[in-house]
Structure formats: C-alpha cells, structure tokens
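K.L.:
Starting off with a structure, shown below.
The values are calculated or read from the model by the stated rules, or taken from the named source; none is laboratory data. What you see is a predicted model, and the numbers here were worked out from it, not measured in a lab. No Cβ is skipped: glycine too gets one built from the backbone with ideal geometry, and neighbour counts run over all protein chains shown.
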Amino acid sequence: MDRDRVRRLWEDVSATYADRRDPDGSDADLLEDLRGRLPEDPLVVDVGCGDGARTLANLPDGSIGVDFARAGLEFAAGEVPAARLLQGDMLQLPLRTGIADAVTAYHAVFHVDRERHPEVYAEFARVLKPGGWLLLTLPGGRFETVRREWMGGSMFFSAPGRGRTLDAIEEAGFEDAETVTADDPLGKRTEFVFARRG
C-alpha cells in the first residue's frame with residue numbers, strides 16, 4: 001500500500017488508539033529487560049512511537065521517538081516531554097548511521113508492505129551501533145489486509161510470517177535472537193524478539 005496513504009490512516013486513528021490503549025502490561029516490562037542490556041546513558045530510538053505512553057515513556061530520558069503520523073507525535077510531546085521527537089518513515093529513518101544503542105519497534109513494522117520488511121530491518125541495523133539491541137513485535141502469521149472499522153477508521157497490516165521475519169532480521173545483520181511472549185496494549189498475547197546487531 002502507498003506509504004502516504006498509510007500515514008493518512010494513522011493520522012485518522014491516532015487519537016482513538018491513544019485513548020483505547022492500556023499504557024501498562026508485560027510488553028512494557030520488556031523495556032526493563034532491554035535497559036539492563038544497555039550501557040550507561042544509552043540512546044534509544046523508538047520507531048512507531050505514537051503517543052509514547054506504552055514504550056517511549058518507559059525509555060531513558062532523551063530517547064528519540066520516530067513516528068509517521070504528526071498526530072501521534074503531538075500526543076507524545078505532552079506524554080513524554082523529555083523525549084526528542086521526529087516525523088519520519090521507518091524505511092528511511094531521519095537519523096545518522098551508528099547513532100543508537102537500541103531500537104524498539106512495537107506493533108509498527110507490520111504497517112509496511114511485507115515485501116519491504118527486509119528494508120526496515122536493514123534500516124534498523126544502519127542506525128544501531130555494533131552490538132546494539134533491537135526489540136520489536138514479532139508477527140506470528142502471514143497476512144496482508146486492510147482492517148475496516150479498526151479504531152474508528154481503517155488500517156493496513158502486512159506480515160510474511162514468523163519464520164520469514166526471523167530470517168529477515170538475521171539477514172539484516174542481527175544475531176542472538178531470542179523471543180518472549182507478553183501482553184500487548186489491546187489485551188492480547190503477542191510475541192516479541194530481542195536481537196543484537198553484529
């Protein structure tokens with residue numbers, strides 16, 4: 001799906017998503033595990049940060065939130081004033097190479113066409129320092145759809161399946177992948193993956 005159309009879909013549903021999403025839960029707890037793997041004063045980039053309540057608010061002060069939708073960033077500015085916020089597409093992050101100690105991407109990559117997911121993982125690897133960590137949602141199924149009446153609007157979802165996703169992460173230069181299941185912001189159980197940039 002056209003990336004500008006996906007951005008417009010997010011502009012339409014950002015307020016409802018922020019309102020309905022529980023800011024607590026065991027997927028937020030995974031961020032404590034991530035922080036334990038990082039050096040002092042790490043720079044963390046939260047891709048698809050939205051309003052910031054679930055992930056960005058649980059990251060170190062000065063973390064960078066990147067989101068496609070201006071509406072999500074406006075919510076994040078109020079929710080996480082210590083964060084630095086950038087509007088941008090995860091296919092071409094507005095960040096220097098090798099700047100980050102970690103990248104998080106919760107419920108984000110599956111809003112990109114699945115054929116382009118390897119580009120996203122390569123972009124995550126580009127902005128990470130060697131040995132930096134990636135923490136992201138691992139979609140279990142293989143799907144491509146537009147869900148109507150999702151959060152009061154419509155939304156595009158696309159994933160190649162669990163195995164292909166793990167292969168693409170490895171091909172992008174990540175090592176030591178480990179998976180864990182946690183609660184997601186809408187009350188479901190979801191798998192996540194930690195992986196280290198080689």
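K.L.:
Within segment 68-98, track down each residue that is assigned to a strand (DSSP E or B) and in contact (Cβ under 8 Å) with a residue 40 or more places away in the chain.
P.N.:
Listed by number, the list holds a single entry, 89.
K.L.:
Now for a different question. If a residue must be modelled with pLDDT of 90 or more and touching a helix residue (DSSP H, G or I) at 6+ places or on another chain (Cβ under 8 Å), how many such residues does segment 16-37 contain?
P.N.:
Result for segment 16-37: 2.
K.L.:
Can you go through 153, 141 and tell me which one is modelled with pLDDT under 95, in contact with a helix residue (DSSP H, G or I) (Cβ under 7 Å, 6 or more places away or on another chain) and farther than 24 Å from residue 196 by Cβ? Don't jump to the end; show me each part of the working.
P.N.:
Working: 141 fails: in contact with a helix residue (DSSP H, G or I) (Cβ under 7 Å, 6 or more places away or on another chain).
Only one candidate qualifies: 153.
K.L.:
Return the residues of segment 158-190 that are crowded, with 16+ Cβ neighbours inside 10 Å, in a strand (DSSP E or B) and acidic (Asp, Glu); say none if nothing qualifies.
P.N.:
Result: 183, single match.
K.L.:
Just for segment 108-128: of the residues that are in a helix (DSSP H, G or I) and small (Gly, Ala, Ser), which one is surrounded by the fewest Cβ atoms within 10 Å (Cβ to Cβ)?
P.N.:
Top of the filtered list is 122.
K.L.:
Among the candidates 108, 182, 177, 195, single out the residue that is in contact with a Leu (Cβ under 7 Å, 6 or more places away or on another chain), closer than 20 Å to residue 52 by Cβ and touching a residue at least 12 places away in the same chain (Cβ under 8 Å).
P.N.:
Working: 108 fails: in contact with a Leu (Cβ under 7 Å, 6 or more places away or on another chain); 177 fails: closer than 20 Å to residue 52 by Cβ; 195 fails: closer than 20 Å to residue 52 by Cβ.
Criteria check complete, one pass: 182.
K.L.:
Spot the failing condition for residue 54; the list is (1) among the basic types (Lys, Arg); (2) assigned to a helix (DSSP H, G or I); (3) out of contact with any strand residue (DSSP E or B) (no Cβ under 9 Å at 6 or more places or on another chain), and only one is missed.
P.N.:
Only one criterion is unmet by residue 54, namely (2).
K.L.:
Assess whether residue 101 counts as being under 24 Å from residue 165 (Cβ atoms) and either in a helix (DSSP H, G or I) or within 16 Å of the chain's Cα centre (by Cα) (or both).
P.N.:
Taking the combined requirement at face value, the residue satisfies it.
K.L.:
Return the residues of segment 15-51 that are in a helix (DSSP H, G or I) and of a type in the set (Gly, Ala, Ser); say none if nothing qualifies.
P.N.:
15, 18, 26, 28, 36
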